[in-house]
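For reference, the structure discussed in these notes is given below.
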Amino acid sequence: MRWRDYRLYLAGTVIANIGLNMQTTAVAWDLYNLTGSALSLGLVGLVQVVPVFALTLPAGHVADHHDRRRVLLTAELFLGLATLSLAMVSHFQWPVWMIYACLFCSGIGRAFQSPARQSFMPQLVPREDFSNAVTWSSAGWQISSVAGPSLAGALIALAKSTTIVYVLDFCAIMFLFYAILAIKPRPFVGKSAAMSMESLVAGTKFVWKTKIVLAAITLDLFAVLFGAAIALLPIYAKDILNVGKVGFGWMRAAPAIGALVMGLYIARRPPMKSAGKALLWAVAGFGAATIVFGFSRWYWLSLLMLMLTGVFDNISVVIRHTLVQMMTPDEMRGRVSAVNSLFIGLSNELGDFESGFAAWYFITSLGMGTERGATAAVVTGGIGTLIVVIATAAIWPEVRRFGALPGGSR
């Protein structure tokens, strides 16, 4: 926090992420109210993962061969336009397919934003402070994840519309745009180069050779893919726990509350000495908490389990992000960050689709009904997460043996 440009970056990203979490909450509530379908919630992830899958590797090349600050500014403008479009769809009550079209465009912007943001942050602080910067950035994300859903739930309840949520999200994106604009430009030390297959796959080759990085991001990919209960929260809030819009907002915020508490705790602690074991236990805890949430019919127990998923996820995020950035040469950070972003995008967005599709299949094809079908989807996902942890520990024993994080500091 001693570094001015990092403070600007952190403030901008916290505000922008509050807006993003408000938007995500509003979209989920809109779609479930308009369609009443679990599959419609899963499609949110699918339409966003398609552009991420198609464009993330080219975006990594762009981040390594062009000024990352300019790439970020361009991506934020594109995201702002997509958000304004959502506001228009909501205000004029245009067809549901237009919500998905806006989310697809948002996915395009995020495909370029993510590798540029991840590779830009190491330029803002010295190497010895980077692990601590990751921890504070993670805590900032959790603050936004608490504030965003709870604010969105309250605003939707008061305004009886989601339009105001999308307008505020646009304002938040513009705040980040001007924060990045205020950061002192760094001299661009890379070389512009034509995009080639060799350049596109360079990040993939690096990750494949660096087994500990490969194991960490693969573990995150499949754990979140199976354990993404968050996509089904509108069903739990409306049809299972019966807590309404405000209760739904707090359920969306609960994982972030847990993650924020853990992030602030980690930020004041020395670097982890057994990061590999901590990573495995954290993901296992995430799966176990997901299973208990799936079975819970008591609102406060459900909130507690959602908070625990955030606690365990925060540990995983800090370890994984520090490993990826500190073990990668600066000239390749954009492309390696692109691979990491691709894994994250696949896990988050496809995880939402998997949860929505599984719930839809259990509810309709197997005739289990809304409550039992949603429960089956969440619980089987949590079990899948535990299986992934066991498989990762067996396939990559170096994860269990991995010690302190590189470049870590208090």
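Residue ranking by accessible heavy-atom surface, 1.4 Å probe, largest first, among Glu371, Glu128, Glu76, Glu354 comes out as Glu128, Glu371, Glu354, Glu76. Estimated at 0.36 nm per residue, the fully extended path between Trp208 and Tyr178 surpasses their Cα-Cα distance by 7.1 nm. Here the spin labels are modelled as points 7 Å beyond Cα on the Cα-Cβ line, and at Leu34 and Asn242 they lie 2.9 nm apart.
Here is how the number arises for the chain: DSSP H runs of 4 or more residues each give -39500 (n - 2.57), the sum is divided by the residue count, and the result at 222 nm is -27000 deg cm²/dmol. Extension gain for Arg401 to Thr380 (0.36 nm times residue separation, less C-alpha to C-alpha distance): 4.6 nm. Pairs of lysine residues in the chain that meet both criteria, 8 or more places apart or on different chains and Cα atoms under 27 Å apart, total 9. The simple Förster model, with R0 at 45 Å and r as the Cβ-Cβ distance, assigns Ser274 and Phe104 a FRET efficiency of 0.60. What part of the accessible area of the stretch 263-314, given as a whole %, is carbon or sulfur when the probe is 1.4 angstrom? Of all accessible area on the stretch 263-314, carbon and sulfur atoms account for 73 percent. For the stretch 239-252, the Karplus equation 6.51 cos²θ - 1.76 cosθ + 1.60, evaluated at θ = phi - 60°, returns couplings of 10, 10, 8, 6, 10, x, 5, 5, x, 4, x, 5, 5, 5 Hz by residue, with Gly and Pro reported as x. Distance between the C-alpha centers of the stretch 353-388 and the stretch 20-97? Whole Å please. Result: 25 Å between the Cα centres.
Taking 7 Å steps out from each Cα toward its Cβ at Arg127 and Val201 produces label points 3.0 nm apart. Ligands, DNA and RNA are left out, and with a 1.4 angstrom probe the accessible area of the chain is 41 Å² per residue. GNM on the chain, alpha-carbon springs under 10 angstrom: the most fluctuating residue among Tyr265, Tyr236, Tyr299 is Tyr265.
Subtracting the Cα-Cα distance of Ile390 and Val261 from 0.36 nm times their residue separation leaves 43.7 nm of extension gain. Largest accessible area first, the listed residues Thr135, Thr370, Thr74, Thr210 line up as Thr74, Thr370, Thr210, Thr135 when surface is computed with a 1.4 Å probe on the assembled protein chains.
Accessible surface of the stretch 3-127, 1.4 Å probe: 69 percent of it comes from carbon and sulfur atoms.
Report the residue, chosen from Thr322, Thr392, Thr83, that carries the largest GNM mean-square fluctuation when the chain is represented by alpha-carbon nodes joined by springs under 10 Å. It is Thr392. Each residue of the stretch 137-151 is assigned a 3J(HN,Hα), and the resulting list reads 5, 5, 5, x, 4, 5, 4, 5, 6, 7, 5, x, x, 5, 5 Hz, derived from the Karplus form 6.51 cos²θ - 1.76 cosθ + 1.60 (θ = phi - 60°), x at Gly and Pro. Label-to-label distance for Trp281 and Trp94 is 5.1 nm, based on points extended 7 Å past Cα in the beta-carbon direction. The order of Phe170, Phe286, Phe357, Phe130 by accessible area, most exposed first and with a 1.4 Å probe, is Phe357, Phe170, Phe286, Phe130. Accessible area per residue was computed with a 1.4 Å probe on protein heavy atoms; Val201 scores about 40 Å².
Shape call for the stretch 3-134 from the C-alpha gyration tensor, a ≥ b ≥ c root eigenvalues: rounded (a/c under 1.5), prolate (a/b greater than b/c) or oblate? Cα axes put the stretch 3-134 in the prolate bin.
The values are calculated or read from the model by the stated rules, or taken from the named source; none is laboratory data. These numbers come from a predicted model, not from an experiment. Heads up, the Cβs are rebuilt from the backbone with ideal geometry, glycines too, and the neighbour counts pull from every protein chain shown. To get the accessible areas, we keep the full protein, side chains included, count just its heavy atoms, and leave off ligands, DNA and RNA. Shrake-Rupley method; radii C 1.70, N 1.55, O 1.52, S 1.80 Å.
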